[in-house]
Amino acid sequence: MTERIVVDPVTRIEGHLRIEVDVDEKGIIQDAFSSGTAVRGIELIVRDRDPRDVWAYVQRICGVCTTTHALASIRSVEDALDIKIPRNAHLIRDIMNAAVFLHDHVVHFYHLHAFDWVDVLSALKADPNETSRIAQSISDWPKSSPGYFKEIQTKIQKVVESGQLGIFANGYWGHKAYKLPPEVNLLAVAHYLEALDWQKEIVKIHTIFGGKNPHPHYVVGGMATPIDINSDNAVHAERLMHVSQIIDEAIEFINKVYIPDLLAIGSYYKDWTYGGGLNNYLCYGDFSTGDIRDVNLYRFPRGAILNGNFNEVLDVDPKDPEQVKEFIDHSWYTYDGKEGGIGKHPWEGETSLHYTGPKPPFKTLNTDEKYSWLKSPRWKEHPMETGPLARMLVGYALKREEFVSLIDDTLKKLNWPFEAMQSALGRTVARGLESILVAKWMRDDMDKLLKNIKNGDQVTFDRTKWEPETWPKKAKGVGWIEAPRGALGHWIEIENGKTKNYQAVVPTTWNASPRDHKNQMGAYEASLKGTPLLDKEKPLEILRIIHSFDPCLACAVHLTDVVSKQTTNIYIG
Ligand code: NFE
Ligand code: MG
């Protein structure tokens, strides 16, 4: 006998996600279902538009990865039209992508995920002297005096006494699964508040290079960033120094706050090894030290791993029609008027909505049939996990020195076997570790940019192929990118200077996808299976695992109609 538990909405994520699990008498999850419950229509509007404008529309797929979809879109157009961009533009784009990684990862750790491990209310019982001692033993971050932590505690006390816990209301405080001593909880709450301040600084990189955040500006052929070190009307010397300083501060915050906290918290939970899941990992790769199309120069390498076989990294090609396909057997769509059975490569993709779920209000979804607005992307028909864990493990399997030493050092510190990485906590650790790498690459890219500028190269845009008259009549391209949550691809088909087809397959669509044509679970679903719940009324373990992926459902459910003129036919209720 199993009992179904529904978590809807899952909070502290972006977008609308519902999780249904079947638990047995012992409270162990036997089956799990992930459902995207909202539908959006962003991509519908790019058809027939000028490919040079598409980035500005599809960027609105998400307000979290604020730069990501624009960059994927721009790269798809440049790939289709074989446009090469100036070196400075490439460096600026990668610095901006790195800024999103660091912003997202820090915000995810402190503001979205930490409270699955950290009990805010327990912090009230902490001895601030002891918190101070712990803080100074793990880092030389200056804000660490007993008085400072006492002040934070008083702040929490006031909030609790006011009876208005605000965003801290309805947490599972006091849950038996929380293991941190009060002093470490207090440390984490203090850094939760500091990270709130910090995150508003790093986005200034976007405002300087891209005009604003969210949704900074891009241009096909380079960057819309005029650089002139002597002009007030351009990104001048002072602005460049500001970016440089923010990068240094980011490196410091990551190394002195984020990583020490991650390891301190992780060390109390290292026996909680649930949440691994598929053991299939997919990376498109990114952060090229040369041309973006030269995959060999990627600092995040490209590759796929199946069934946890780290001895073999398989070649990935998003252009191969046999590799990336989306299935709809359990998704509220049809293909050619049929309910499923086939997968479509994004260049041939189709999005025809067809809601067949229960009429609200309802208790549970009919998970034997269709149950999500997400499609099921598959790589060679395998469900894949994408994101920080996939990137770190692919780098490790390829024996890249940076990845191997970072992972091995961390495993030693946590006294963990390698297999422990394949868990919810491992995913969270991987996110921290890749932040160290990305911050380092960002510094390196900025140094290279400054050097170019110093040598007199201030060019950021190449207009050779700006005019549609210079384009072929028909062209197809893919823009891939490693986004904070994983491998993202935008596929475009251009005809007579207009966008004919457009399709995005997004990291959270891979991870949160429902079952496919072979009834194979998506990454979220597989990661929940076998996990024991200590308290079915307060399924904290489900949040831990799902949050470890950093869900973004707005990204995951975006729509495009590439075949019929008809767009939607939704009937709910
Ligand atoms: Ni909406 Fe995104 C990232 C993209 S989604 S946040 O990272 O692309 O999975
Ligand atoms: Mg799509």
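Could you tell me how far the Cα centroid of region 238-273 sits from the Cα centroid of region 1-62, in Å? That distance is 29 Å. Taking R0 as 30 Å, what's the FRET efficiency between Val160 and Asn129 from their Cβ-Cβ distance, rounded to 0.05? Result of the calculation: an efficiency of 0.90. Taking θ as phi - 60° and the Karplus parameters 6.51, -1.76 and 1.60, the scalar couplings of region 161-172 work out to 5, 5, x, 10, 6, x, 5, 8, 5, 6, x, 8 Hz in sequence order, x denoting glycine and proline. Accessible surface calculations at 1.4 Å, restricted to protein heavy atoms, place region 3-572 at 38 Å² per residue.
Here's how it looks for Tyr274: its modeled amide H is under 5 Å from those of Ala424, which are all 5 or more places away or on a different chain. Contour minus end-to-end for Ile342 and Lys363, with contour as 0.36 nm per residue of separation and end-to-end as the Cα-Cα distance? Here the segment from Ile342 to Lys363 would lengthen by 4.5 nm. Across the cross-link table entries Lys179/Lys256; Lys84/Lys325; Lys143/Lys212; Lys270/Lys413, which are compared at the Cα atoms, the separations over 20 Å belong to Lys179/Lys256; Lys84/Lys325; Lys143/Lys212. Considering helices alone, the calculated mean residue ellipticity of the chain at 222 nm is -11000 deg cm²/dmol, with DSSP H runs of length four and up weighted by -39500 (n - 2.57) and normalised per residue. Each residue, Lys143 and Thr207, gets one label point 7 Å from its Cα in the Cβ direction; the gap between the two is 1.9 nm. Computed on the chain, with alpha-carbon pairs under 8 angstrom and 6+ residues apart, the relative contact order is 25 percent. Note on the chain: dipole from Cβ charges, positive end direction compared against Cys65, Pro51, Gly266; the farthest Cα belongs to Pro51. Within straight-line reach of Lys344, meaning a Cα separation under 16 Å, sit the following aspartates and glutamates at least 8 residues removed in sequence or on another chain: Asp317, Asp320, Glu322, Glu326, Asp329, Asp336, Glu381, Glu493, Asp516, Asp561. Note on region 120-245: with neighbouring protein chains present and a 1.4 Å probe, carbon and sulfur make up 53 percent of its accessible heavy-atom surface.
The values are calculated or read from the model by the stated rules, or taken from the named source; none is laboratory data. From a predicted model like this one, the values you see are computed outputs, not experimental measurements. Please note: Cβ atoms are built from the backbone with ideal geometry, for glycine as well, and neighbour counts cover all protein chains shown. Just so you know, the surface numbers come from the protein's heavy atoms only, side chains and all, with ligands and any DNA or RNA stripped out. Shrake-Rupley method; radii C 1.70, N 1.55, O 1.52, S 1.80 Å.
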